[in-house]
Amino acid sequence: MADKEWEEYFGEFNNKTKPKYEEYVPAEKNYSYFDNQTDAYSNFTSDDYCASNHSHVYLNVTCEFPINYAEPMYGYIAPFLLATTIVANTLIVVVLSRRHMRTPTNIVLMAMALCDMFTMLFPAPWLFYMYTFGNHYKPLSPTRACQAWNYMNEVIPAMFHTASIWLTLALAVQRYIYVCHAPVARTWCTMPRVIKCLIYIGVAAFLHQLPRFVDRRYVPHVTVWRGHFEEVCRIEIAPWVQTLSLDAYFISYYVFRVLFVHLIPCTSLVVLNVLLFKAMRTAQINRQKLFKENRKSECKKLRDSNCTTLMLIVVVTVFLMVEIPVAVVTILHIISSSIVEILDYHIANILVLVTNFFIIVSYPINFAIYCGMSRQFRETFKELFIRGAVTSRKNGGSSRYSLVNGPRTCTNETVL
């Protein structure tokens, strides 16, 4: 996409001849008479207006995504998903933060839960205001509100989601080391190293999104909206980006994102999942041999390791199911913007909307996976929130004491 096209997209318009109403507009404000409710555009439909250049004169949320899809997804379904995500991920953090649950693997799982929750929590107030309460068609003002919309709906969620992607990769790498290179795990998978890794991931995710905090600015802009003057926000590209070149900036950002946030992590996770599955099958064969030799203690350790691996494979697989479509759409967008135009952007926006929505749907699923596949997670949850579970623990029912009380019957559950 040429610099001129980027400028048009972000609203760098030279004001045309202003109508006689200019005398009523403060001199320091930008002015535009473009509006689909004026006499000139009163017959415009929403689709007509969003297809015109005038839609980018000021921030127009209605034109960001096809409203027929965005309103039911973000306005009516998202609030229930938000409530479910907050409850589920808060429970994950509470359970995994218990003293006996603090392991290198669980620390990563807890960080993933927090990142997923914040990814949805920050844009939630704006999604409610715009879509649930039906205010998406109204001009947004003042400029601080427009900046808050940009930061809370785009930049900060992207930062936490990027961190979540890299944490998932770190989890898979950690598990691969545990399973396939056990002697090295004692050195590389210690708690201090894992905490340092989490800090590095958080800092890297912030630095990745840092330019997006300052790559545009919102200036006051007066337009005629529904027959009266309204101050809105006009989007401008920051001067430092224009100096650098819009093509250089946006292509660099999206190429980096495609490579290091989508393509390389997803490809690595697919490979690691395959390797972990093969290692798990090999370990299962070895476990059967140990069981025949009546080496029950070793059999139990191998079983627990296998079940932990299986649970993490399921977590990573769910992640890949929702992330790969996003990666494909992003790659197509880069190709269409910089090489050859191959996308119908109306369809592309629908695809982006749907893929992002399924990412949101996936956030509460991990809680169900942990409850269904981890005996210790489930029993710790019962001890914390269900009466009578403490008595059961004292009687030896808790998996915390199962290693002391002797091996249990082999199951498909795991102790993290």
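Each value in this text was obtained by applying a stated rule to the coordinates, not by laboratory testing. Just so you know, these numbers come straight off a predicted model, no measurement behind them. Heads up, the Cβs are rebuilt from the backbone with ideal geometry, glycines too, and the neighbour counts pull from every protein chain shown.
In sequence order, what are the phi-derived ³J(HN,Hα) couplings for segment 177-193 according to the Karplus relation 6.51 cos²θ - 1.76 cosθ + 1.60 with θ = phi - 60°, rounded to whole Hz, with x for glycine and proline?
5, 4, 7, 9, 9, 4, x, 6, 4, 5, 9, 8, 10, 7, 4, x, 5
Search the structure for amide H atoms under 5 Å from the amide H of Ser374, placed 1.01 Å from N in the peptide plane, and list their residues when 5 or more places away or on another chain.
Thr414
Which net charge results for the neighbourhood of Val261, defined as the other residues with beta-carbon distances under 14 angstrom from its beta-carbon, given Lys and Arg at +1 and Asp and Glu at -1? Provide the component values of the computation, followed by the final result.
Details: positive: Arg212, Arg257; negative: Glu323.
It works out to a net charge of +1.
Could you tell me which trypsin sites (Lys or Arg not before Pro) in segment 178-235 are loop residues by DSSP with no more than 12 other beta carbons within 10 angstrom of their beta carbon?
Counting only loop positions with at most 12 other Cβ atoms within 10 Å, the trypsin sites (Lys or Arg not before Pro) in segment 178-235 are Arg226.
Run the paramagnetic zone check for Ser268: 7 angstrom along Cα to Cβ, then residues of segment 184-214 with backbone nitrogen under 14 Å.
The answer is 197-198, 200-202, 204-205.
Please find the FRET efficiency linking Arg216 to Arg281, where r is the Cβ-Cβ separation and R0 is fixed at 45 Å, and quote it to the nearest 0.05. Write down the numbers at each step before the final one.
Working: r = 51 Å, r/R0 = 1.13.
Taking R0 as 45 Å, the efficiency between Arg216 and Arg281 is 0.30.
Label points 7 Å out from Cα along the Cβ direction at Thr84 and Val328: separation in nm?
2.4
Rank the residues Asp344, Asp116, Asp215, Asp247 as a footprinting-exposure proxy: fewest other Cβ atoms within 10 Å of their Cβ go first.
On the way: Asp344 11, Asp116 27, Asp215 19, Asp247 15.
By the 10 Å Cβ count, ascending: Asp344, Asp247, Asp215, Asp116.
Within 10 Å of each residue's Cβ, count the other Cβ atoms and sort Ser97, Ser374, Ser362 from fewest upward. Kindly include the intermediate steps, with their values, before the conclusion.
Values: Ser97 12, Ser374 24, Ser362 17.
By the 10 Å Cβ count, ascending, the order reads Ser97, Ser362, Ser374.
With θ taken as phi - 60° and the coefficients 6.51, -1.76 and 1.60, list the Karplus ³J(HN,Hα) couplings across segment 106-119 in order, rounded to whole Hz; mark glycine and proline as x.
5, 5, 5, 4, 5, 5, 4, 5, 5, 5, 5, 5, 5, 4
Over segment 72-226, what is the relative contact order in percent, taking alpha-carbon pairs closer than 8 angstrom and at least six residues apart? Don't jump to the answer; show the numbers that get you there.
On the way: 121 pairs, mean separation 43.9, N = 155.
Result for segment 72-226 is 28 percent.
Counting other C-beta atoms within 10 Å, which of Met110, Met191 has the fewest, and how do the rest follow? Walk me through the numbers before you get to the answer.
Details: Met110 21, Met191 11.
Listed from fewest to most nearby Cβ atoms, that is Met191, Met110.
Note down the nm distance, to one decimal, between modelled labels 7 Å out along Cα→Cβ at Ile347 and at Phe133.
Each label point is offset 7 Å from its Cα along the Cβ direction, giving 3.7 nm.
Is any residue of segment 135-179 close enough, with backbone N under 15 Å, to a label point placed 7 angstrom from the Cα of Thr187 along the Cα-Cβ axis, and if so, which?
What the label zone holds, given the 15 Å backbone N cut-off, is 177-178.
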